[in-house]
Amino acid sequence: MIKQLPDTLAMIAALIEQPSVSCTDPAIDQGNLSVINLIAEWAETIGFKVEVNPLSNNPGKANLIATLGGNSNNNGLVLSGHTDTVPFDGTKWASDPFKLTEKEHRLYGLGSADMKSFFALALSAANHFDAKKLHQPLTLIATCDEESTMSGARMLVEQAIKPGRYAIIGEPTNLRPVRMHKGIMMESIVIHGKGGHSSDPELGANAIEGMHKVVHALLKWRREIQAKNRNPHFKVDVPTMNFGSIHGGDNPNRICSHCETQIDIRPLPGMDLDELRDDLKKVLEPILESDAGLALEINSLFPGTPPFETAEDAKIIQSTEKVSGHKAEAVAFGTEAPYLNQLGLETVIMGPGSIDQAHQPDEYLALNQINPTISFIEQMIGQFCFSPKAGK
């Protein structure tokens, strides 16, 4: 080792001890600076130049960009991940979510798989290299709010940061490369009606009856977009639409004056979120034109995350396929990859742990993934940063 870092497991334990839950509910939402500061301290210890960028509208949250060695041409390798976790129910855990617990060759803790451990493994791998000998820079990116609004990744795009040419996002994929995933958009559809006594329907306008028409139209539209869009790389090879909630009315003897449903749409690569929103309005806006007293309102619950795809013949895909021995896959869950692609990086998703353990009580990372992940990252650093022609 060139300089002393804490033991890898000690770093994982320290990261898990720092709460950094992100949530759209302000009562649950937390900052991530305690995690960022730990990563920054360790990165500086081994020679990284560290920059911490707070969110303009929330100084308790920040991104970290740390660079090691290389020149200024930004053709090197980026190791990227998010520092936040999802909310949790402590009563469902067999151990303290904020204490690393080793049991049966597993490391339990909130964020152990998704995805705080990746930063400890990335730093452990980077510490095996002399920064002065890296011909292309190695950059470590740690973001905020991936589990809620993607505000950290969006800030990278807004700032037009170009930290490198190739990127690995260390989300849990069991060390298998992933080159595409679906996007996500969440929409609220509200029908405003008029309340009244249920004994005379003419006294009001029933929002539930209006929503019935809307749901019927949405189901028809779902069939249409699934017939037009398919991708055999995905287990569910069509875009999906889920009716996640519906709420309306308050009593059987009152005409319902308000009804809301919230839907989740998962578009395939090649589908555009804004075009889908425009089509949604075109489908729904005519539905209630003949219903006096009913009004339609459509709102996006968050800006959405686009679908992601990196070309099969991209260098980062071919390299990770060769090292892992696995063909690059497609997954249903979303990541920050489309934002890195927008910055011009060839991006692959590949990291330790399984997505099956993410967002679950007793989340864990198998111990037997620690050393293979460090070895994998070392090989990628060697290939993309250690040769004068690595970034070309």
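The values are calculated or read from the model by the stated rules, or taken from the named source; none is laboratory data. Computed from a prediction, not measured in an experiment: that's the story for all the values here. Note that each Cβ is placed from the backbone with ideal geometry, even for glycine, and that neighbours are counted across all protein chains shown.
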*Those residues that are assigned to a loop (DSSP other than H, G, I, E, B) and either at pLDDT below 95 or of a type in the set (S, T, N, Q) (or both), I need them from the range 166-192; list them, please.*
THR173, ASN174
_Looking at LYS220, LYS235, LYS228, can you tell me which residue is on the phi < 0 side of the Ramachandran plot, at pLDDT below 95 and not assigned by TED's automatic domain parsing to the domain that holds ILE355?_
LYS235
*asked:* Looking only at residues that are acidic (Asp, Glu) and within 20 Å of SER151 (Cα to Cα) in the range 25-47, which one is surrounded by the most Cβ atoms within 10 Å (Cβ to Cβ)?
replied: ASP29
_Complete set of residues in the range 73-96 that are assigned to a loop (DSSP other than H, G, I, E, B), in contact (Cβ under 8 Å) with a residue 24 or more places away in the chain and either at positive phi or not aliphatic (A, V, I, L, M) (or both)_ = ASN73, ASN74, ASN75, GLY76, THR83, ASP84, PRO87, PHE88, ASP89, TRP93, SER95
*Filter the range 177-200 for residues that are crowded, with 18+ Cβ neighbours inside 10 Å and among the basic types (Lys, Arg) and give the result.*
ARG179, LYS182
*asked:* I'd like the full set of residues that are among the aromatic types (Phe, Trp, Tyr) and more than 15 Å from HIS181 (Cβ to Cβ), limited to the range 264-322.
replied: PHE302
*Which of the residues belonging to the range 227-266 are more than 18 Å from ILE298 (Cα to Cα), touching an Asp or Glu at 6+ places or on another chain (Cβ under 9 Å), outside any loop (DSSP other than H, G, I, E, B) and not β-branched (Val, Ile, Thr)?*
none
*Do we find a residue being over 16 Å from the mean Cα position of the chain (by Cα) and free of Cβ contacts under 8 Å to residues at least 60 places away in the same chain anywhere in the range 159-172?*
no
*Would you be able to say whether some residue in the range 96-110 is touching a Ser or Thr at 6+ places or on another chain (Cβ under 6 Å) and either among the aromatic types (Phe, Trp, Tyr) or buried (at least 24 other Cβ atoms within 10 Å of the Cβ) (or both)?*
yes
*Restricting attention to the range 358-381, report how many residues are out of contact with any Asp or Glu (no Cβ under 8 Å at 6 or more places or on another chain) and either under 22 Å from THR83 (Cβ atoms) or not assigned by TED's automatic domain parsing to the domain that holds LEU68 (or both).*
13
*Only one of these conditions is not met by SER34: (1) at pLDDT 95 or above; (2) of a type in the set (S, T, N, Q); (3) not in a helix (DSSP H, G or I). Which number is it?*
(3)
_Sole residue being more than 23 Å from PRO232 (Cα to Cα), part of a helix (DSSP H, G or I), touching a residue at least 40 places away in the same chain (Cβ under 8 Å) and not assigned by TED's automatic domain parsing to the domain that holds GLU209, chosen from VAL323, VAL283_ = VAL323
*asked:* Filter the range 247-273 down to the residues that are touching a Lys or Arg at 6+ places or on another chain (Cβ under 8 Å) and closer than 23 Å to GLU329 by Cβ and list them by number.
replied: ARG266, PRO267, LEU268, PRO269
_Quick check on GLU224: is it of a type in the set (Asp, Glu) and either closer than 21 Å to ALA295 by Cβ or part of a loop (DSSP other than H, G, I, E, B) (or both)?_
no
*asked:* Would you confirm whether or not the range 228-242 contains a residue that is of a type in the set (A, V, I, L, M, F, W, C) and over 27 Å from LEU273 (Cβ atoms)?
replied: no
_Give me the residue from the range 205-263 that is under 19 Å from MET186 (Cα atoms) and basic (Lys, Arg) and, out of that set, surrounded by the fewest Cβ atoms within 10 Å (Cβ to Cβ)._
LYS220
*From the set of residues in the range 97-110 that are part of a loop (DSSP other than H, G, I, E, B) and touching a residue at least 12 places away in the same chain (Cβ under 8 Å), which is farthest from the chain's Cα centre (by Cα)?*
HIS105
